[in-house]
Amino acid sequence: MSDKFDKDAFLKESREQLSEAINAERENHEEALDDLRNLIGDQWDATLKAQRESEQRPCITVNKLAQFVRQVTGDIRQLNPAINVSGSDINSSREVADIFEGLIRDIQVKSDASSTYEAAAEGAASCGMGYFRILTDYETPESFNQEIKIRRIFNPFSVYFDPEARDPTRRDADWVFITDQMEAEDFSEAYPKAGAVSVETSTADTIYNWRHGSTVTIAEKFWIERKKATLHLMADGSTALDPVGPVNSVQTRETHIPIVKWAKISGNDILEGPREFAATMLPVIAVMGEEIHMGERTYRSS
């Protein structure tokens with residue numbers, strides 16, 4: 001994306017990206033929904049069930065699936081997953097690692113992060129996918145201080161990652177959408193300057209994904225822009241990016257610095273943002289079931 005922000009080009013690109021992600025996930029989402037139906041005991045074929053009920057015949061379901069999911073999630077709860085910090089090179093010290101670990105532990109405790117991790121893992125066990133996110137929020141309504149929080153994404157079907165991402169956590173993705181549905185009336189109240197997508201024109205330019213009957217789709221979009229820079233290696237082994245001041249470097253190379261951006265959008269409007277997000281990676285983490293990549297298709301199982 002160029003330095004000069006083009007709103008129309010950005011929205012058109014966003015619509016195309018979401019459409020691409022929806023198409024890429026369609027079969028896995030359909031299978032995930034079927035997994036969840038079976039998990040809650042809805043295991044009969046609809047036609048066969050209707051036929052038996054019309055004949056006043058019983059439709060008995062002995063649901064054995066839930067116990068296997070509980071076995072997986074029970075083991076995870078006993079493990080109590082948390083983040084540990086260790087040094088990555090000879091210059092690292094245990095003292096510094098302990099400081100960072102203490103800060104991260106404080107964030108996890110305040111966020112009840114263990115429950116978030118467990119819920120994401122339960123999603124992966126139940127339907128092949130779970131997600132959580134990292135965000136910042138003000139400490140209190142009267143404060144300017146912000147704190148980092150780890151939050152659960154309750155609806156795994158609302159998250160759409162860059163289909164080119166292959167890492168199980170999707171850390172190699174270039175963009176991600178977190179979608180939500182609003183009633184058109186509520187949307188107009190919340191965003192009076194924004195226009196809801198017209199149903200009559202909803203077949204053009206992949207915009208049909210943004211309006212469903214009386215509901216309007218809104219989405220948080222995170223994406224990565226890469227800024228070109230020169231990395232300098234100093235005589236003492238340290239490194240610095242442009243500019244490096246009067247000290248001459250012994251070696252240089254071109255690199256790209258990732259910058260995370262955020263915006264909230266509808267199908268044809270930017271509702272909030274765009275603005276820079278204080279991170280170098282997308283702050284949405286995927287917890288996926290087993291995945292097998294065959295050509296263009298990714299087969300996922302819970």
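Of the residues in segment 39-59, at least one is under 29 Å from the mean Cα position of the chain (by Cα), touching a residue at least 40 places away in the same chain (Cβ under 8 Å) and surrounded by 13 or more Cβ atoms within 10 Å (Cβ to Cβ). Listed by position, the strands (runs of 3 or more DSSP E) inside segment 97-198 whose residues that are open to solvent by 30 Å² or more (accessible area, probe 1.4 Å) number at least 2 are 129-138, 146-152, 175-183. If you go through segment 267-289 and pick out every residue that is part of a strand (DSSP E or B), open to solvent by 50 Å² or more (accessible area, probe 1.4 Å) and touching a residue at least 12 places away in the same chain (Cβ under 8 Å), you end up with 3. Restricting segment 71-88 to residues that are of a type in the set (S, T, N, Q) and free of Cβ contacts under 8 Å to residues at least 40 places away in the same chain leaves a set whose member that is nearest to G123 (Cα to Cα) is Q71. Number of residues in segment 1-12 that are in a loop (DSSP other than H, G, I, E, B) and touching a residue at least 40 places away in the same chain (Cβ under 8 Å): the value is 2.
For segment 13-24, the condition holds for at least one residue, the condition being that it is at pLDDT 85 or above, open to solvent by 70 Å² or more (accessible area, probe 1.4 Å), polar (S, T, N, Q) and assigned to a helix (DSSP H, G or I).
With the requirement that a residue be open to solvent by 80 Å² or more (accessible area, probe 1.4 Å) and polar (S, T, N, Q), what does segment 68-90 give you? Result: Q71, Q78, N80, N84, S86, S88.
A240 fulfils the conditions (1) at pLDDT 85 or above; (2) farther than 22 Å from D8 by Cα; (3) in a strand (DSSP E or B) except for a single criterion, (1). Checked against (1) open to solvent by less than 50 Å² (accessible area, probe 1.4 Å); (2) of a type in the set (A, V, I, L, M); (3) under 23 Å from R171 (Cβ atoms), A240 meets all criteria but (3). The conditions of being of a type in the set (S, T, Y), closer than 26 Å to L11 by Cβ and either within 31 Å of the chain's Cα centre (by Cα) or surrounded by 14 or more Cβ atoms within 10 Å (Cβ to Cβ) (or both) are not met by T255.
If you filter segment 214-235 down to residues that are in a strand (DSSP E or B) and among the hydroxyl-bearing types (S, T, Y), you find that the one that is least open to solvent (accessible area, probe 1.4 Å) is T217. Taking the stated definitions as given, is I22 without any contact (Cβ under 8 Å) to a residue 60 or more places away in the chain and closer than 27 Å to T298 by Cβ? For I22, the condition - without any contact (Cβ under 8 Å) to a residue 60 or more places away in the chain and closer than 27 Å to T298 by Cβ - is not met. Could you tell me whether S93 is exposed (fewer than 13 other Cβ atoms within 10 Å of the Cβ), more than 28 Å from the chain's Cα centre (by Cα) and either within 24 Å of D112 (Cβ to Cβ) or at pLDDT below 80 (or both)? Judged against the criteria, S93 is a match.
The values are calculated or read from the model by the stated rules, or taken from the named source; none is laboratory data. Here the structure is a predicted model, which is why all the values come from computation and not from measurement. So basically every Cβ, Gly included, is an ideal-geometry build from the backbone, and we count neighbours across all protein chains shown. Each accessible area value is taken on the protein alone, full model and side chains, heavy atoms only, with ligands, DNA and RNA left out. Shrake-Rupley method; radii C 1.70, N 1.55, O 1.52, S 1.80 Å.
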